[in-house]
Each structure stands twice: as C-alpha cells, then as structure tokens.
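Below is one structure; the comments refer to it alone.
The values are calculated or read from the model by the stated rules, or taken from the named source; none is laboratory data. Here the structure is a predicted model, which is why all the values come from computation and not from measurement. Backbone-built Cβ (ideal geometry, glycine too); neighbour counts: all protein chains shown. What goes into the accessible areas is simple: the full protein's heavy atoms, side chains included, and nothing from ligands, DNA or RNA. Shrake-Rupley method; radii C 1.70, N 1.55, O 1.52, S 1.80 Å.
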Amino acid sequence: MNKRDLLARAMNNQEVDRVPCGFWHHFILGRDQFIGLEEPEVLERAYQGHLDYYDLVQPDMMKIMSEGFFGYPPIMDNPLQTEDDLLRIRPVGKNHPWVQKQIAHVRRIADQFREEVMCFYNIFSPLQIIRIKFDFLDLEFDKFVHLAESYPEAFRQAGMAISEDVQALTEGLFQDGGIDGIYYCVQNIQSPMYDDEMYQKIVRPSELPVLELANSLQDRNILHVCGYAHHVNRFETFKDYQAKVYNWAAHTEKISLPEGKAFFKGACVLGGFDNNPGTLIDQGSPEELRAYAKSLIEENGYKGYIMGADCSIPNDIDDRQVRIIRDACHDFINPNFA
C-alpha cells in the first residue's frame, strides 16, 4: 500500500496495515515569517527546509508551512489600535501577490512530494491572522483580546474582510497549488466575554465559510483546534465544523484522542505526542519513543488514526527523533490486516 492510499484509508476510517505518521515544524521564525513577499530569500529557506525535512523523516504526509506569508498586507502597516484601524482592513483581492505568489510557492514545494504523499497547506482562520502578527512579530500578547473585547463589531467586520482573501487563497490553492487539503487552524478568543454565543456572532461568520469552501473543493481537510501557549478551547464551539480529520492539543485540553474521536462523531483523529520542548518527543530515548508510539497504536487502533503531535513541534527538536517515531509506525504492523 503506497503512502497516499494509506493516508486515504486512515482518513476514511478504513483499516490499515500500519498507522500513518505525520509531524511538522516551522523552518524560519520571527520577523522572517512575515516578509516573504519583500525578501524572496526567506521563501528559498522555507523551500529547502521542507525538502531537507522530507528527505530525513520520510513522513506519510506533508504539511506545508505558511511562513513567509504571515504578513497579510492590510495589517502590516496598520497600528491596529482603534476601531477605525480595524475598519480600514479591506480585501486585497485574488490577484494580489499575497495570494498569487503564495500559491506558486506552495505548488513549488508540493511538486516535490505529492506523487508520494498527500500535501496539506497551513491556513489560519481570518481573525487569527491578526493574532499571529501580535504574538509572533509585535510580541504584544494582550492586544488581540483587547481589540476583540473593545470593538467587537469592527473586529467582526475585519474578520469578514480578511475572510474574502483567505477564501480566494484557498480556492487558488486547490486549483493551482497542488495540495490535497488544508490544515485549518482555529482557536477560541481567550476572553470570558467570548462565550459560545459571542463567538458564533463575531468570529464564526468569517471563519466557517473558509472551511466550508475547502470542503466543497476537496473532502480531505484537517481541522486544528489550536492550544498554542497552553490556551484551552471550548470544543462545543467547533462541534459542527466539518472536516475529514481533527487535530487538537490533547495534552493541554485534557481531551484524549478516543474522547475527541467520539466528540467528532467517529471521524479520523491526528495526534498523540505532546509537542512542547522538554517533553518525550524532544528528550525521549529511542526506546521510550518506540514504546510510546506502540502504546498510542494500542490505544487508538488501526482505523481512523494518524500519529502526530498536538501542534507544530519546535523547530530545534532533532528531526531524527521524528524519524524514530516514523520508523516505529512502519514496524508495528497490524496483525489482523488482510
């Protein structure tokens, strides 16, 4: 069974001869994640990083990272401090370089692997694009929640504007980017003001249409409920967010893979390893990694399960650690597979 067929069977909740394995990490960090349009050398490093990772790890799937394109143009030169600042965010349109160069970059990477493995592209939900700038470029960690609480209607409108471009990007990626699906990242607003009712009113209108569009174009999309910085989400928020595969921070949310699988109506789940520095994937011996991989297979079985992590692993974790886990997945064969 080749890797594409293996992953397709797992995603469709069909029994497999071995559990597929997929981990990923960033290849560039900080300011460089935002300036791919201005400095093409950044995109060259990202391109080479994907190739080097694939050559060493030989995963069963590839998640293509969106670094270099974190810098969504309408927010880069915008102070994003007032209601008017939010309302100044307008779509750039499908012909803008942020859309077209991104598609070409993804296609260039995907072309290296897609005959062997399925390729998925990282897409942040629209309002999370603002949070990413605050958290990873400006290092203003309270600003996102402040805007969401202070100007909810303008916040909603900003999300709707960004959503137009994210949808244009998503459509272009499926048409010309060579991907099999998107890895769609969502997260609750970390504010008691944003209960489920508020989230559905302010965030959902810009967020859910991206996923619905992706599903209409290809039924192989992954929903990632992000637990970045140990933020906890309300799973009820996403109970009707339809995806083929679900991935979440099981160790942060304290929701096991079997529990999450039941919550998401038996869909395929991805995860198992804590992604944080100092945890098993970072510090474990080969014997410990293999033993834990085996325990995950025993817990989740050979149907509807992809081994991976809660989120992106830190880029300074030795990729040979990931290769050990990948090899374990190849070694622990389903004894009952016909």
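Residues of the range 162-169 include at least one that is in contact (Cβ under 8 Å) with a residue 24 or more places away in the chain and either outside any helix (DSSP H, G or I) or out of contact with any Pro (no Cβ under 9 Å at 6 or more places or on another chain) (or both).
Tell me which helices (runs of 4 or more DSSP H) are completely within the range 69-136 and hold 2 or more residues being closer than 20 Å to VAL210 by Cβ, or say none if there are none.
Because the criterion is at least 2 residues that are closer than 20 Å to VAL210 by Cβ, the helices (runs of 4 or more DSSP H) in the range 69-136 that meet it are 73-76, 97-110, 126-133.
Within the range 63-80, residues that are farther than 13 Å from HIS96 by Cα have Cβ atoms under 9 Å from residues that are hydrophobic (A, V, I, L, M, F, W, C) and in a strand (DSSP E or B) in these pairs: LYS63/CYS119; LYS63/PHE120; LYS63/ILE222; ILE64/CYS119; ILE64/PHE120; SER66/ILE123; SER66/PHE124; PHE70/PHE124, counting only partners at least 6 apart in sequence or on another chain. If the condition is being over 25 Å from PRO277 (Cα atoms) and under 12 Å from the mean Cα position of the chain (by Cα), then the range 180-237 contributes GLY181, ILE182, ASN221.
Mind checking whether some residue in the range 186-197 is in contact with an Asp or Glu (Cβ under 8 Å, 6 or more places away or on another chain), acidic (Asp, Glu) and in a helix (DSSP H, G or I)? Yes: the range 186-197 contains one or more residues that are in contact with an Asp or Glu (Cβ under 8 Å, 6 or more places away or on another chain), acidic (Asp, Glu) and in a helix (DSSP H, G or I).
Only residues that are open to solvent by less than 10 Å² (accessible area, probe 1.4 Å), under 18 Å from ARG320 (Cβ atoms) and outside any helix (DSSP H, G or I) were counted across the range 26-61, and they come to 2.
Identify the residue in the range 214-231 that is at pLDDT 95 or above and open to solvent by 40 Å² or more (accessible area, probe 1.4 Å) and, among all such residues, is nearest to GLY271 (Cα to Cα).
ARG220
The condition of being surrounded by 22 or more Cβ atoms within 10 Å (Cβ to Cβ) and either more than 29 Å from HIS230 (Cβ to Cβ) or touching a residue at least 12 places away in the same chain (Cβ under 8 Å) (or both) holds for only one of VAL145, VAL186, that being VAL186. Within the span defined as the range 18-34, every residue fails to be modelled with pLDDT under 95 and more than 24 Å from TYR228 (Cα to Cα). From the list ILE109, ILE129, ILE123, ILE179, the lone residue that is of a type in the set (Val, Ile, Thr) and either more than 23 Å from TYR246 (Cα to Cα) or open to solvent by 70 Å² or more (accessible area, probe 1.4 Å) (or both) is ILE109.
Scanning the range 50-59 for residues that are farther than 19 Å from ILE281 by Cβ and in contact (Cβ under 8 Å) with a residue 40 or more places away in the chain turns up at least one hit.
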